[in-house]
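Peer 1: Just dropping this structure here.
The values are calculated or read from the model by the stated rules, or taken from the named source; none is laboratory data. Every value quoted in this text rests on a predicted model; they were computed, and no experiment measured them. Glycine also receives a Cβ, built like all others from the backbone with ideal geometry; neighbour counts cover every protein chain displayed.
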Amino acid sequence: MFKIAVAGTGYVGLVAGACFAEVGHQVTCVDMDENKVKVMQSGISPIYEEGLEALMQRNYEAGRIRYTTDYKASYKDADAIFIGVGTPEQPDGSANLTYIATVARQIAESVEKDCLVVVKSTVPVGTNDKVEQFIRDFLVHNVNVEVASNPEFLAQGSAVHDTLHAERIIIGTESKWAEELLMQIYQPFHLPIVAVNRRSAEMIKYASNDFLALKISYMNDIANLCELVGADIEDVARGMSYDERIGSKFLNAGIGYGGSCFPKDTKALAYIAKQQGYELKTVKAAIDVNKEQKTLLYRKASKRLITFNGLKVAVLGLTFKPGTDDLREAASLENIPLLLEQGADVCAFDPVGADNFAKVHAAGKKGSGSMTYAATIEQALEGANVCFIFTEWGEIKAVSPGAYKNLMRTPLVYDGRNIYSVAQMQAAGVEYHSIGRRPARI
Ligand code: NAD
C-alpha cells in the first residue's frame, strides 16, 4: 500500500482520493480552499456525486483518508502525488495552467523523498515535460522527482462507478520506475492498464474527449437536417446503432454538450493544433455546431412567440447533465439570461442545481425579467406560458404529458433532451417541440 497525496479535491481529485483509500492506500487530500476542507473534514462531500459521501465516510472512519490545506506536510513524504486541479479555458481557447504551476511549485518546496508526481488534470500535450522540469528547477531538497501522465476519464454523475470500474487506465511515463510504481498503485483496482509515453497519454485524453464531442455534434447536425427533410433522428440513430463500427452510445440528439470537459477540451486541442500551424477542421466543426445547438430551442421559441416579455417560463433542469450539481457550460446558463433579457419571468426547478445557479445568477447580468426557483416541478409548471427542458433528471422524465397540459397556462414545451414521445405529447394536447423529430402539429 502506498502513501498518496492528492492535490485538488474537485470531481477528479476527490473521487480519485476516495477510491485510492477504498482499495487500501493511505490518502491525504489537499485543497487550498479552507471552506471545502472544513466541509470534507465534517464528513460531507462538497460536490454531489452518487456514492461519494459514503465512500469518504467509510474510509475516514477506517483512517485511510484525511483532508487538509497543509500541502507541505502532505507532500513531503508521499510516494506519489496526484494532481487534479482545474485547467480551465482561457479566452483564446488555450488551457489555463496557472493552477498546475502553483501545485508544481508547492511540490518542489515540500518533497523530502523521491516521489512520482502524477498529473490527472487534462493538460496540453507536452505540458508534463515542462511540469517535471519546473519541479526539478525549484526543488529544495536533493531528491528525485518524476512526472507521469494519468488522464482521467470519469463522467460526472457516475464518477465513483467510473473510477472503480474504469474501462481503462492510461499511464504515460518516461521511465520503467514510474511505470512500475503506477502499475502497483493501480493493481488493487484490477482494471486494464494501457502504458504509453507521456505525450501519447496526454493526447489520448484530448483525442478521446474530442471524438465524443464530435459524435454528439455530428448527431445534432444530422438531427437538425432530419427536421428539415422530415426524417426522425431517433429512428435514424437506432438504424445506425446496429453497425458495430458506429456503436450504440452517444447517438442521442439534444441541446448540445456542456460540462467542464468537452467544451474546453475541444477548444484546447484546436488551439494546440493552431500553434503547430495545423487546422483541426473536424474538431472546429464540433465546436461550431455545439455553439449553435445551445440556443436552438430559444431561437425556435422566439419565432413561435411574439415576445417573452411578461411570460412565465418554466425551466426544468439547470445542471449540464443529471446526477451532478455542476453548471459549467450548462444550457441553462446561456438560455436563461436570454429569457431574462427579453423580460421573461423564469421559474426554474432542479433537484440539486438551484443553489449553484442562484450564486451565478446573483453575480451576473439580470435583464428586466425575474428569476425564481421552484421547490417542485408542479410549482414551476403552474400557470407557465412556455416550458424549456434542459436536463433529463429522472424526476423530470417522470412528469406525465398530462401534467403539462393540466398545470400550464398554455402547454407549450421545448424539450432539449427528447424526453417524451412526440405522439404521447400530442395525444395529451401539448404543443411539443424537440430536436430532430417530426415537428409538432400546431
Ligand atoms: P474542479 O474545479 O472541480 O476542482 C479543482 C480543485 O482544485 C478545487 O477544489 C480547487 O480549490 C483545487 N485547487 C486549486 N489549486 C490548488 C492547489 N494549489 N492545491 C490544492 N488544490 C488546489 O476541477 P475538476 O472538474 O475536478 O477537474 C480537474 C481536472 O480534471 C481538469 O483538468 C479537468 O479537465 C480534468 N477532468 C475533469 C473531469 C470532470 O468530469 N470534471 C473528467 C476528466 C478530467
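Peer 1: For the stretch 154-173, enumerate the residues that are closer than 18 Å to S121 by Cβ and surrounded by 17 or more Cβ atoms within 10 Å (Cβ to Cβ).
Peer 2: Result: L154, Q156, A159, D162, T163, A166, I169, I170, I171, G172, T173.
Peer 1: Only one of A348, A363 is at pLDDT below 95 and aliphatic (A, V, I, L, M). Can you tell me which?
Peer 2: None of the other options fit; the residue is A363.
Peer 1: Another question about this same structure. Return a yes/no flag: does the stretch 85-106 have any residue that is in contact with a Lys or Arg (Cβ under 8 Å, 6 or more places away or on another chain), touching a residue at least 60 places away in the same chain (Cβ under 8 Å), under 22 Å from N197 (Cα atoms) and not assigned by TED's automatic domain parsing to the domain that holds K267.
Peer 2: Yes, the stretch 85-106 contains at least one residue that is in contact with a Lys or Arg (Cβ under 8 Å, 6 or more places away or on another chain), touching a residue at least 60 places away in the same chain (Cβ under 8 Å), under 22 Å from N197 (Cα atoms) and not assigned by TED's automatic domain parsing to the domain that holds K267.
Peer 1: If you don't mind, there's one more thing I want to ask. Please work out which one of (1) within 22 Å of S149 (Cβ to Cβ); (2) touching a Cys at 6+ places or on another chain (Cβ under 9 Å) is the condition V37 fails and give its number.
Peer 2: The failed condition is (1).
Peer 1: Checking E227 against (1) away from the ligand (no atom under 16 Å from the Cβ); (2) out of contact with any Pro (no Cβ under 9 Å at 6 or more places or on another chain); (3) part of a helix (DSSP H, G or I); (4) not aliphatic (A, V, I, L, M): exactly one of these is not met. Which one?
Peer 2: (2)
Peer 1: Output the residue which, of all residues in the stretch 195-210 that are within 16 Å of the ligand (Cβ to nearest atom) and among the hydrophobic types (A, V, I, L, M, F, W, C), is surrounded by the most Cβ atoms within 10 Å (Cβ to Cβ).
Peer 2: A201
Peer 1: Can you list residue pairs whose Cβ atoms sit under 6 Å apart, with the first residue in the stretch 109-133 being closer than 12 Å to I81 by Cα and the second being within 15 Å of the ligand (Cβ to nearest atom) and polar (S, T, N, Q)? Count only pairs 6 or more apart in sequence or on different chains.
Peer 2: Short answer, once both residue conditions are applied: V118/N150; V119/N128; V119/S149; K120/N150.
Peer 1: As an exercise: evaluate D137 against (1) surrounded by 13 or more Cβ atoms within 10 Å (Cβ to Cβ); (2) farther than 18 Å from G13 by Cα; (3) in contact with a helix residue (DSSP H, G or I) (Cβ under 8 Å, 6 or more places away or on another chain) and give the number of the one condition it does not meet.
Peer 2: (1)
Peer 1: Is it the case that the stretch 174-188 has a residue that's surrounded by fewer than 15 Cβ atoms within 10 Å (Cβ to Cβ), in contact (Cβ under 8 Å) with a residue 24 or more places away in the chain and closer than 30 Å to L280 by Cα?
Peer 2: Checking the stretch 174-188: not a single residue is surrounded by fewer than 15 Cβ atoms within 10 Å (Cβ to Cβ), in contact (Cβ under 8 Å) with a residue 24 or more places away in the chain and closer than 30 Å to L280 by Cα.
Peer 1: Name the single residue that is farthest from the chain's Cα centre (by Cα) among those in the stretch 2-56 being on the phi > 0 side of the Ramachandran plot and away from the ligand (no atom under 15 Å from the Cβ).
Peer 2: The qualifying residue farthest from the chain's Cα centre (by Cα) is G24.
Peer 1: Out of V125, V145, V117, V111, which single residue is touching a His at 6+ places or on another chain (Cβ under 7 Å) and of a type in the set (A, V, I, L, M, F, W, C)?
Peer 2: V111
Peer 1: Another question, then. Restricting attention to strands (runs of 3 or more DSSP E) lying wholly within the stretch 312-379, give those where 3 or more residues are in contact with a helix residue (DSSP H, G or I) (Cβ under 7 Å, 6 or more places away or on another chain).
Peer 2: Where strands (runs of 3 or more DSSP E) fall fully within the stretch 312-379 and carry at least 3 residues being in contact with a helix residue (DSSP H, G or I) (Cβ under 7 Å, 6 or more places away or on another chain), they are 312-316, 345-349.
Peer 1: Among the listed residues I442, I419, identify the single one that is at pLDDT 95 or above and not aromatic (F, W, Y).
Peer 2: I419
Residues are listed down the side, and each one gets a yes or a no for (1) over 19 Å from the mean Cα position of the chain (by Cα); (2) assigned by TED's automatic domain parsing to the domain that holds R417; (3) assigned to a loop (DSSP other than H, G, I, E, B):
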{"residue": "L214", "(1), (2), (3)": "no, no, no"}
{"residue": "S248", "(1), (2), (3)": "yes, no, yes"}
{"residue": "P263", "(1), (2), (3)": "no, no, no"}
{"residue": "A285", "(1), (2), (3)": "yes, no, no"}
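Peer 1: Taking G383 as the residue in question, decide whether it is touching a Lys or Arg at 6+ places or on another chain (Cβ under 6 Å), farther than 22 Å from A330 by Cα and surrounded by fewer than 16 Cβ atoms within 10 Å (Cβ to Cβ).
Peer 2: yes
Peer 1: Related question: Sort out which residues of the stretch 292-316 are basic (K, R) and free of Cβ contacts under 8 Å to residues at least 24 places away in the same chain, and write them in order of number.
Peer 2: Matches in the stretch 292-316: R299, K303.
Peer 1: Of all residues in the stretch 69-105, how many are near the ligand (Cβ under 9 Å from one of its atoms) and aromatic (F, W, Y)?
Peer 2: Result for the stretch 69-105: 2.
Peer 1: While we're looking at this one, here's another question. Between residues in the stretch 25-37 that are assigned to a helix (DSSP H, G or I) and residues that are polar (S, T, N, Q), which pairs lie under 6 Å by C-beta distance while being six or more apart or on different chains?
Peer 2: Filtered contacts from the stretch 25-37: E34/T69; V37/T69.
Peer 1: For the subset of the stretch 147-175 comprising residues that are polar (S, T, N, Q) and more than 9 Å from the ligand (Cβ to nearest atom), which member is farthest from K130 (Cα to Cα)?
Peer 2: S158
Peer 1: Go through the stretch 106-125 and give me each residue that's assigned to a loop (DSSP other than H, G, I, E, B) and either more than 9 Å from the ligand (Cβ to nearest atom) or over 19 Å from R328 (Cα atoms) (or both).
Peer 2: V111, E112, K113, D114, K120, P124, V125
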